Amino acid sequence: MAVVFISPKKRQKVFFMGITIVFLLFLTIVSLGVFLSEPKEVSSSLVFNKPKVNVDMGIFDSEQFKNLQTFSPMQTQYTYTASTSDRQIETGFISAVSKEEAQKILQDMGLTVSKLEEVQIGRDNPFIPYYQ
């Protein structure tokens, strides 16, 4: 049987004390390295590279540009109530650019317009299903 002069509790205490001291030294070195470091100096001269861009305005004189067509105006949907020449009431929908044009189209169809309103887009409650 070996003779031990240091008790196991004291040996454990010395071991944990050593680990704690090494950890504190490591934290001290890292914190000094972080807090005492200075930012790198950035060059103060601005560098601007002018892009080499050439805009060809001659495209506006080409035949392809001159033959471009404008977009057709957006048509709006209207609901109407109208009467025919034999006094029957018709209701329906018609698409036109403006309210006046819709009225003109209906009059050309031989209808007397009594009510013409723009259809409201969308639904009051978007979470209900379309078909029930």
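The values are calculated or read from the model by the stated rules, or taken from the named source; none is laboratory data. Note that the coordinates shown come from a computational prediction; the quantities given were computed from them, not determined experimentally. So basically every Cβ, Gly included, is an ideal-geometry build from the backbone, and we count neighbours across all protein chains shown. Accessible surface is based on the protein model in full, side chains and every heavy atom, while ligands, DNA and RNA are left aside. Shrake-Rupley method; radii C 1.70, N 1.55, O 1.52, S 1.80 Å.
Accessible surface for segment 5-132, divided over its residues, is 100 Å² per residue with a 1.4 Å probe. Between 0 and 90 degrees, the angle of helix 99-108 with respect to the longest Cα principal axis of the chain falls at about 40 degrees.
Each Cα pair under 8 Å and six or more residues apart adds its sequence gap; the mean of these over the residue count of the chain is a relative contact order of 17 percent. Along the positive direction of the dipole of segment 3-128 (beta-carbon charges: Lys, Arg +1; Asp, Glu -1; about the Cα centre), which of Asn54, Ser85, Phe26 reaches farthest? It is Phe26.
Let me have the 222 nm mean residue ellipticity of the chain computed from DSSP H runs of 4+ only, each contributing -39500 (n - 2.57), with the sum over all residues rounded to the nearest 500. Calculated mean residue ellipticity at 222 nm is -10500 deg cm²/dmol. For the pair Val97 and Leu25 in one chain, pulling the backbone fully straight at 0.36 nm per residue adds 17.8 nm over the alpha carbon distance.
Taking 35 Å as R0, compute the FRET efficiency from the Cβ-Cβ separation of Ser85 and Ile121 and round it to 0.05.
Details: r = 33 Å, r/R0 = 0.94.
About 0.60, to the nearest 0.05.
Per-residue packing, averaged as other Cβ atoms within 10 Å, sorts the ranges 85-91, 51-57 into the order 85-91, 51-57, beginning with the highest. Labels on offer are (i) 557; (ii) 141; (iii) 117, and the one holding volume of the Cα convex hull per residue in Å³ computed from this structure is (i).
Using a 1.4 angstrom probe on the protein heavy atoms only, could you order Lys40, Lys99 from most to least accessible area? Write down the numbers at each step before the final one.
On the way: Lys40 190, Lys99 95 Å².
Final ranking, largest accessible area leading: Lys40, Lys99.
Dipole magnitude for the chain: computed about the Cα centre from +1 point charges on Lys and Arg Cβ and -1 point charges on Asp and Glu Cβ, it is near 1780 debye.
Helix 8-35 and the long axis of the chain differ in direction by around 50°, with both axes built from C-alpha atoms. As a fraction of the 1.4 Å probe accessible area of segment 10-132, surface on carbon and sulfur atoms comes out at 59 percent.
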